[in-house]
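Down below is the structure, laid out as structure tokens.
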Amino acid sequence: MYLTDRSAAPAADTGPGRRRGPRPGVTPVVLALGTVSLITDISSEMVTAVLPLYLVTTLGFSPLAFGTLDGVYNGVSALVQLTGGHLADRMRDHKLLAGLGYGLSALCKPLLLFAGGIGTLGAVLALDRTGKGLRTAPRDAMISLSTPTAHQGRAFGVHRAMDTTGAMLGPLAAFLVLGAASDGYDAVFGVSACVAALGVIVLVLFVPGRRRDPSTDTTGGPSGAGASEARPPVRVREALVLLRLPRLRALTCCAALLGLTTVSDAFVYLLLQRRAGVGEEWFALLPLGTAAMFLLLAVPAGALADRIGRNIVFLAGHLGLLTAYALVLWAPATPLLVPLVLALHGTFYAATDGVLPAALAGIVPEHVRASGLALVGTSQALARFCCSLGFGAAWTMWGDGPALAGAAIGLLCCATVAGLVLRPARRIRRPRSRPDERQGPL
């Protein structure tokens with residue numbers, strides 16, 4: 001069980017015999033936001049679990065049409081993330097922007113009951129992803145700003161573990177609703193809307209509000225005692241200048257490069273269903289396997305990233321995804337194929353989803369933290385949008401096998417390039433000087 005910290009500052013050393021302080025806890029902000037994400041993900045994953053099969057088998061969408069909708073589903077949030085992150089930094093009220101995003105997504109769930117064509121479905125999904133785009137950067141900024149830099153991976157791991165608990169319960173709830181209701185898909189959409197509304201209520205009641213700016217602290221804070229003037233609003237130019245930071249620029253480019261070859265979850269489940277002969281009645285449970293492994297490994301992967309390096313764990317996760325692609329392509333259709341692929345898929349998310357924002361803690365200044373998170377998230381989401389469109393077109397023209405083989409080859413090449421860009425610089429160990437020696441050049 002994780003205990004909450006009363007202070008966000010790391011424990012200080014008290015002497016040479018106590019180099020390591022007590023094990024850090026998880027702040028109340030992280031736990032509250034994790035609860036909101038858990039509830040919201042139940043709602044979202046109820047829809048996500050049934051949507052691919054609903055569109056392809058019930059509405060008769062082609063792979064290209066489905067890829068277009070899936071691209072919209074991921075691409076719209078990418079475009080909005082920058083706006084949400086900048087507004088949260090400018091207003092210095094991350095909870096307000098996050099609440100607007102959660103509320104908009106909740107309003108879209110009942111609209112799925114009335115959407116039957118590609119145009120109306122695209123509009124509803126675009127609104128839903130607009131809500132996700134508004135809330136993602138402010139939410140992650142609240143997590144990052146409430147946690148010491150050295151323990152960002154663990155904090156994001158705990159949040160993602162709670163979030164993934166909802167991702168596990170969502171497909172299970174959809175499976176139960178489909179079996180119990182006569183109008184299965186409509187019932188799933190209706191129950192999802194009610195659960196989403198509950199998540200908004202929890203956010204409003206239990207997540208702390210406006211974060212106090214250190215520049216207004218009159219108790220001797222980090223900006224100096226007696227400071228009376230608040231920091232001026234963040235301008236767009238300040239957010240754009242973030243790309244001048246070499247480490248942030250490298251991480252942004254690598255996230256986008258790897259996103260170009262990251263096949264959408266929905267396509268992975270459709271391919272696995274065809275390859276392993278999974279019955280349609282069991283399709284909604286496939287995301288449950290991914291979520292279970294994500295839940296088990298999210299916290300350990302975050303803690304490992306804090307210890308050995310977040311870039312290393314991030315790249316290792318993509319190698320796990322590459323292995324999953326290879327199994328879907330070439331492994332025999334044995335009973336072990338489905339659990340192995342889903343386990344690798346969940347490991348990929350555990351090693352990347354929370355580790356990537358944690359890597360930004362020591363790079364992006366606090367007053368533009370949400371903008372920095374949005375910049376990286378946007379680049380990754382836009383790349384995955386392009387991948388969904390390209391993969392859907394390749395499947396339509398050449399078939400599912402060649403399309404996945406192309407994605408696997410591309411992922412291998414991109415991971416190699418990212419490994420060269422993100423490799424840690426070698427540190428030159430200098431001999432310690434004696435106390436009586438000069439510290440200048442000889």
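In the list Ala181, Ala150, Ala161, which residue meets the criterion of being surrounded by 23 or more Cβ atoms within 10 Å (Cβ to Cβ) and more than 26 Å from Ser388 (Cβ to Cβ)?
That would be Ala161, the only listed residue that is surrounded by 23 or more Cβ atoms within 10 Å (Cβ to Cβ) and more than 26 Å from Ser388 (Cβ to Cβ).
I'd like the full set of residues that are in contact with a helix residue (DSSP H, G or I) (Cβ under 6 Å, 6 or more places away or on another chain), open to solvent by 30 Å² or more (accessible area, probe 1.4 Å) and within 17 Å of Thr164 (Cβ to Cβ), limited to segment 264-291.
The answer is Leu285, Leu288.
Residues Leu125, Leu96, Leu51, Leu121: which one is assigned to a helix (DSSP H, G or I), under 17 Å from Leu270 (Cα atoms) and not assigned by TED's automatic domain parsing to the domain that holds Trp398?
Only one candidate qualifies: Leu51.
Within segment 64-84, is even one residue open to solvent by 30 Å² or more (accessible area, probe 1.4 Å) and aromatic (Phe, Trp, Tyr)?
yes
Which one of Thr83, Thr120 is more than 19 Å from the chain's Cα centre (by Cα) and not aliphatic (A, V, I, L, M)?
Thr120
Residues in segment 275-290: is at least one more than 26 Å from Leu176 (Cα to Cα) and of a type in the set (Lys, Arg)?
Within segment 275-290 (the criterion being more than 26 Å from Leu176 (Cα to Cα) and of a type in the set (Lys, Arg)), the answer is no, since none of the residues qualifies.
Out of all the residues in segment 99-118, which are open to solvent by 30 Å² or more (accessible area, probe 1.4 Å), in a helix (DSSP H, G or I) and within 16 Å of Leu51 (Cβ to Cβ)?
Across segment 99-118, the qualifying residues are Pro110, Leu111, Leu113, Phe114, Ile118.
Could you pull out the residue among Ala78, Ala115, Ala49, Ala141 that is among the small types (Gly, Ala, Ser), in contact (Cβ under 8 Å) with a residue 40 or more places away in the chain and closer than 23 Å to Ala173 by Cα?
Result: Ala49 is the single residue among Ala78, Ala115, Ala49, Ala141 that is among the small types (Gly, Ala, Ser), in contact (Cβ under 8 Å) with a residue 40 or more places away in the chain and closer than 23 Å to Ala173 by Cα.
The values are calculated or read from the model by the stated rules, or taken from the named source; none is laboratory data. What you see is a predicted model, and the numbers here were worked out from it, not measured in a lab. Heads up, the Cβs are rebuilt from the backbone with ideal geometry, glycines too, and the neighbour counts pull from every protein chain shown. Each accessible area value is taken on the protein alone, full model and side chains, heavy atoms only, with ligands, DNA and RNA left out. Shrake-Rupley method; radii C 1.70, N 1.55, O 1.52, S 1.80 Å.
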